[in-house]
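Let me begin by presenting the structure, written as structure tokens, before commenting on it.
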Ligand code: NAD
Ligand code: DAU
């Protein structure tokens with residue numbers, strides 16, 4: 001079992017769920033969480049961890065290679081699980097620069113730090129290390145309704161600046177294995193949902209807007225398809241790959257839940273009608289509002305997860321109905337967490353900017 005893990009981006013949505021997963025399932029693991037606390041990261045996501053003595057937070061930038069090298073040396077890090085990124089497609093359409101900087105330059109700085117400390121300072125011991133890179137299904141582009149699901153060997157065809165920056169970082173990671181022998185694995189995952197997701201992404205945004213009686217903005221015709229995965233399932237898959245995945249390989253991860261967006265939103269509305277029946281806005285479906293489509297909007301994603309199922313015996317545990325119910329309930333019980341975000345200036349600014357995009 002790996003003992004000293006550097007998690008990057010651990011104050012974000014999936015990273016914080018992953019840290020909680022590790023603390024619950026492998027509490028002896030020492031975790032260093034390196035996070036810049038951008039608008040998307042919050043220490044509120046990491047309150048009440050079950051094994052706090054094995055957890056340290058470091059505020060810093062993954063682009064700061066000397067800092068990363070120091071953390072690797074001082075903490076004898078043997079495993080890096082790299083989540084830190086700019087993660088929102090709509091924001092990448094407004095300002096791609098931050099995506100190039102964090103997702104590409106930041107991944108390069110981490111790879112280079114690992115090469116210096118692991119390979120150059122400790123030659124011959126590369127088999128004790130692991131650099132696991134978290135990526136996305138969006139690197140594969142888009143599918144037509146009849147195309148087969150993405151496989152690990154599907155050619156890359158990223159369509160948004162976000163997807164292109166992640167594709168670029170995947171290629172860099174792969175090249176460090178091929179050129180320098182860095183012990184890497186990559187996972188490409190579909191859309192996650194669950195607790196602590198920032199309310200700019202579809203599911204938490206719909207929950208928040210429904211609760212506050214705001215329009216539920218459906219881009220285009222709402223018939224776009226994503227492959228939804230409950231975040232805890234993703235965390236389990238990542239930890240399996242870190243331990244049992246073959247070096248140099250990539251693994252697709254997906255949930256097998258592929259209804260169109262409009263159906264997801266209607267399901268959320270129905271769950272809210274059930275869990276918050278006295279809200280002013282019931283039935284919540286009345287808030288659904290069709291808006292201008294996202295430019296270059298990918299029509300359909302679907303993941304073929306045969307490889308991870310066959311090689312690592314991993315399958316998602318949650319179906320969409322159970323996962324969505326659990327998620328809506330979590331947001332209802334953590335309304336203070338949501339309120340803290342919406343009170344921030346950055347969040348209000350983003351809402352303004354995103355609505356202007358639709359009008360222009
Ligand atoms: P998120 O936006 O919720 O969190 C990103 C975290 O990275 C934040 O805590 C932020 O503060 C931190 N960060 C950003 N720039 C940083 C920097 N320069 N240095 C250090 N920390 C920095 O993202 P998420 O949804 O949790 O996604 C995590 C990873 O998973 C990303 O790499 C994303 O591409 C990938 N992914 C996400 C999904 C999804 O559905 N959310 C699906 C597949 C893959
Ligand atoms: O597929 C994996 C990717 O999933 C991750 O790599 C990204 O980090 C993550 O943000 C997510 O990207 P999407 O663009 O698919 O997620 P988002 O929640 O922004 O949108 C999901 C779908 O819902 C998409 O088809 C756009 C649509 N949508 C989204 C928002 C925010 C709407 O119709 N209305 C909205 O207001």
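Okay, here's what the table says:
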{"item": "Residues being outside any loop (DSSP other than H, G, I, E, B) and away from ligand 2 (no atom under 12 Å from the Cβ) - total across the stretch 126-160", "result": "7"}
{"item": "Given (1) modelled with pLDDT of 95 or more; (2) surrounded by fewer than 18 Cβ atoms within 10 Å (Cβ to Cβ); (3) over 23 Å from residue 165 (Cα atoms), index of the condition residue 98 fails", "result": "(3)"}
{"item": "Check on residue 275, away from ligand 1 (no atom under 16 Å from the Cβ) and surrounded by 15 or more Cβ atoms within 10 Å (Cβ to Cβ)", "result": "no"}
{"item": "Residue satisfying condition, being touching a residue at least 24 places away in the same chain (Cβ under 8 Å), surrounded by fewer than 18 Cβ atoms within 10 Å (Cβ to Cβ), more than 15 Å from ligand 1 (Cβ to nearest atom) and assigned to a helix (DSSP H, G or I), within set 116, 76", "result": "116"}
{"item": "Residue list for the stretch 171-205, restricted to those being within 16 Å of residue 106 (Cα to Cα) and surrounded by fewer than 22 Cβ atoms within 10 Å (Cβ to Cβ)", "result": "171, 172, 174, 175"}
{"item": "Criterion (in contact with a strand residue (DSSP E or B) (Cβ under 8 Å, 6 or more places away or on another chain), more than 16 Å from residue 323 (Cβ to Cβ), surrounded by fewer than 18 Cβ atoms within 10 Å (Cβ to Cβ) and in contact (Cβ under 8 Å) with a residue 24 or more places away in the chain) met by exactly one of 293, 280", "result": "293"}
{"item": "Members of the stretch 335-356 that are under 20 Å from the mean Cα position of the chain (by Cα) and modelled with pLDDT of 85 or more", "result": "337, 338, 341, 347"}
{"item": "Residues located in the stretch 179-215, provided they are more than 29 Å from residue 347 (Cβ to Cβ), in contact (Cβ under 8 Å) with a residue 12 or more places away in the chain and more than 12 Å from ligand 1 (Cβ to nearest atom)", "result": "180, 181, 182, 183, 184, 185"}
{"item": "Test: residue 111 is more than 18 Å from residue 134 (Cβ to Cβ), surrounded by 20 or more Cβ atoms within 10 Å (Cβ to Cβ) and in contact (Cβ under 8 Å) with a residue 24 or more places away in the chain", "result": "no"}
{"item": "Lone qualifier among 112, 121 - being modelled with pLDDT under 95 and either more than 16 Å from ligand 2 (Cβ to nearest atom) or in contact with a helix residue (DSSP H, G or I) (Cβ under 8 Å, 6 or more places away or on another chain) (or both)", "result": "121"}
{"item": "Positions within the stretch 79-102 being free of Cβ contacts under 8 Å to residues at least 40 places away in the same chain and in a helix (DSSP H, G or I), in sequence order", "result": "97, 98, 101"}
{"item": "Selection status of residue 312, closer than 30 Å to residue 243 by Cα, modelled with pLDDT of 95 or more, in contact with a helix residue (DSSP H, G or I) (Cβ under 6 Å, 6 or more places away or on another chain) and away from ligand 1 (no atom under 16 Å from the Cβ)", "result": "yes"}
{"item": "Sole exception among (1) in contact with a strand residue (DSSP E or B) (Cβ under 6 Å, 6 or more places away or on another chain); (2) in a loop (DSSP other than H, G, I, E, B) for residue 57, by number", "result": "(2)"}
{"item": "Within the stretch 305-325, considering residues that are surrounded by fewer than 16 Cβ atoms within 10 Å (Cβ to Cβ) and under 19 Å from the mean Cα position of the chain (by Cα), the one nearest to residue 249 (Cα to Cα)", "result": "315"}
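Conditions (1) assigned to a loop (DSSP other than H, G, I, E, B); (2) closer than 18 Å to residue 330 by Cα; (3) under 15 Å from the mean Cα position of the chain (by Cα); (4) away from ligand 1 (no atom under 16 Å from the Cβ), marked per residue:
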{"position": "5", "(1), (2), (3), (4)": "no, no, no, no"}
{"position": "15", "(1), (2), (3), (4)": "no, yes, yes, no"}
{"position": "27", "(1), (2), (3), (4)": "yes, no, no, yes"}
{"position": "32", "(1), (2), (3), (4)": "no, no, no, no"}
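The values are calculated or read from the model by the stated rules, or taken from the named source; none is laboratory data. Please read these numbers as outputs of a predicted model, since none were measured by experiment. FYI the Cβ positions are ideal-geometry reconstructions off the backbone, even for glycines, and counts take in every protein chain you see.
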